[in-house]
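Structure record follows, encoded as structure tokens.
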Amino acid sequence: AHFHTVRVAQPNGKWYNTELLRNLVDIWDLRGSGLTNMHGATGDIVFLGTTTPQLEEIFWELTHDLEIDLGGSGSNLRTPATCLGMSRCEYACYDTQELCYNLTQEYQDELHRPAFPYKFKFKFDGCPNGCVAAIARSDLSFIGTWRDEIKVDQEAVAAYVGGEIAPNAGAHAGRDWGAFDIQKEVVDLCPSKCISYDGKLTIDNKECVRCMHCINTMPRALKVGDERGCSILCGAKAPILDGPQMGSLLVPFMEVNKDDDYQSIKDLIENVWDWWMEEGKNRERIGETMKRLGMAALIDAAGVPVDAHQVQEPRHNPYIFWKAEDVEGGWERDINDFRKRHQR
Ligand code: HEM
Ligand code: SF4
Ligand code: SF4
């Protein structure tokens, strides 16, 4: 029996107008089961159930009439997904939709012609709130961040404390939670304990891990900093073989620069792909290759500087292996010179 499922690329940031929605379901009413999944976990629109003779027709109508592409599937780049970012959200530290669109166009071949060991996903979150869960569900996650200080408006802080502005932008306001308690609801919940309040709010920004909690709670008083860019993490995946895995930090901070067509981001992506296509086993996600060969091998291949932020935990392997190029003079040595300093 035929029962094909069709993946359709979602509009960037999942912005629809009703015309597009109607046109999509019209195609599917006519040519498929009418059942859709808006959206599949990966972000795609999923059309469930049609027969083989309809496939070319559906493809033609989607791409020519609606200008919507098929989504990625198989061992290739999957449909990239992005939060709605700067189109609506003041937290966005870079233009997620623009970067997602640019990379989608740039990597059309990788999206439609499977050449990888396994699937590969990009996801773009404009800030660490992670509305598309990039850190958990993409092989390369681009998460907006800032490297200067959180901007504090002390008057607005006082207005929150005095009950003039509703905390959490008024979310959960349907119930009486009592008066806003800045100590309990903000200061004590900062995961790195770097906020204090004594009539004035102080943040020790060096210790801040950009969790967004204080900003989410008092958005009119606290704003993300001005020096914005993204952190890039690698290797997240769902449970199939080795169990689930979150992304590991590969680049703590990278500018997201439209003016040079995102060249530094593309260089990084291509370095990482080259390495994975060379080293990865068939059906091995890059996160598994990374674990098998070590984070150091990935960092090396990516061509990014080594940084203390990449260290997740103290090492548990007692051996240190040096490469000839890491050692001054390589492996060549003058035995007589050596014996001068190390007598038998
Ligand atoms: C016959 C159809 C499908 C098969 C056999 C299949 C198979 C798989 C497998 C084996 C995994 C786990 C891989 C891993 O992450 O290590 C997975 C994950 C996933 N699949 Fe599918 N899939 C199918 C259809 C779909 C569809 C239609 C969508 C959405 C449009 C989808 C979205 C996802 C997502 C979001 C994940 C989680 C990936 C992650 O978090 O890393 N899949 N799928
Ligand atoms: S991830 Fe951050 S920037 Fe993007 S929509 Fe969510 S809160 Fe806004
Ligand atoms: S963003 Fe998080 S870690 Fe940073 S100061 Fe606010 S609550 Fe603390």
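The values are calculated or read from the model by the stated rules, or taken from the named source; none is laboratory data. All of these numbers come straight from a predicted model, not from anything done at the bench. Cβ atoms come from the backbone with ideal geometry, glycine included; neighbour counts cover every protein chain shown. Note: areas computed on protein heavy atoms with side chains; ligands, DNA, RNA excluded. Shrake-Rupley method; radii C 1.70, N 1.55, O 1.52, S 1.80 Å.
In order along segment 279-296, phi translates into HN-Hα couplings of 9, x, 7, 4, 6, 10, 5, 4, x, 7, 4, 4, 6, 5, 9, x, 4, 4 Hz, rounded to whole numbers, per the Karplus curve 6.51 cos²θ - 1.76 cosθ + 1.60 with θ = phi - 60° and x for Gly and Pro.
Rounded to the nearest 0.05, what FRET efficiency do Glu164 and Asn257 have when you use their Cβ-Cβ distance and R0 = 45 Å? Plugging the Cβ-Cβ distance into 1/(1 + (r/R0)^6) gives 0.70. Accessible area per residue for segment 262-309, computed on protein heavy atoms with a 1.4 Å probe, is 51 Å². The Cα center of segment 270-344 and the Cα center of segment 174-217 differ in position by 41 Å. Taking amide H atoms as placed 1.01 Å from N in the peptide plane, the amide H of Ser248 lies under 5 Å from those of Cys234, Gly235, Ala236, each 5 or more residues away in sequence or on another chain. For the peptides 92-101, 159-168, residues were scored by their other Cβ atoms within 10 Å and the scores averaged per peptide; the highest-first order is 92-101, 159-168. Peptides 42-51, 126-135, ordered by how many other C-beta atoms sit within 10 Å of their residues on average, highest first, read 126-135, 42-51.
Using the Karplus relation 6.51 cos²θ - 1.76 cosθ + 1.60 with θ = phi - 60°, the per-residue 3J(HN,Hα) values for segment 317-322 come to 10, x, 8, 10, 9, 9 Hz, with x marking Gly and Pro. One chain, two ends: Val25 and Ala173. Fully extended at 0.36 nm per residue, the span grows by 49.7 nm beyond their Cα-Cα distance. Taking packing as the residue-averaged number of other Cβ atoms within 10 angstrom, the listed peptides 283-290, 197-204 run from highest to lowest as 283-290, 197-204.
Computed from backbone phi with θ = phi - 60° and the Karplus coefficients 6.51, -1.76 and 1.60, the 3J(HN,Hα) list for segment 225-241 is x, 9, 8, 9, x, 9, 9, 10, 10, 10, x, 6, 6, 7, x, 3, 9 Hz; x is used for glycine and proline. The largest accessible area among Arg88, Arg7 belongs to the first residue in Arg88, Arg7, and the rest follow in falling order (1.4 Å probe, all chains). Placing unit charges on the Cβ atoms of the charged side chains and taking the dipole of segment 4-65 about its Cα centre, the candidate lying farthest along the positive direction among Phe59, Thr42, Trp28 is Thr42. Collect residues whose amide H, placed 1.01 Å from N in the peptide plane, falls under 5 Å from the amide H of Gly225; neighbours closer than 5 in sequence don't count. For Gly225, whose amide H was placed from the backbone, the distant partners under 5 Å are Lys151. Since only His342, Ser75, Gln10 are under comparison, the one whose Cα sits farthest along the positive direction of the charge dipole of the chain, derived from C-beta charges on Lys, Arg, Asp and Glu, is His342. Between amide H atoms placed 1.01 Å from N, distances below 5 Å from Leu70 occur with Ala9, all of them 5 or more places distant or on a separate chain. Computed from point charges on the beta carbon alone (+1 for Lys and Arg, -1 for Asp and Glu), the dipole magnitude for the chain about its Cα centre is near 1320 Debye.
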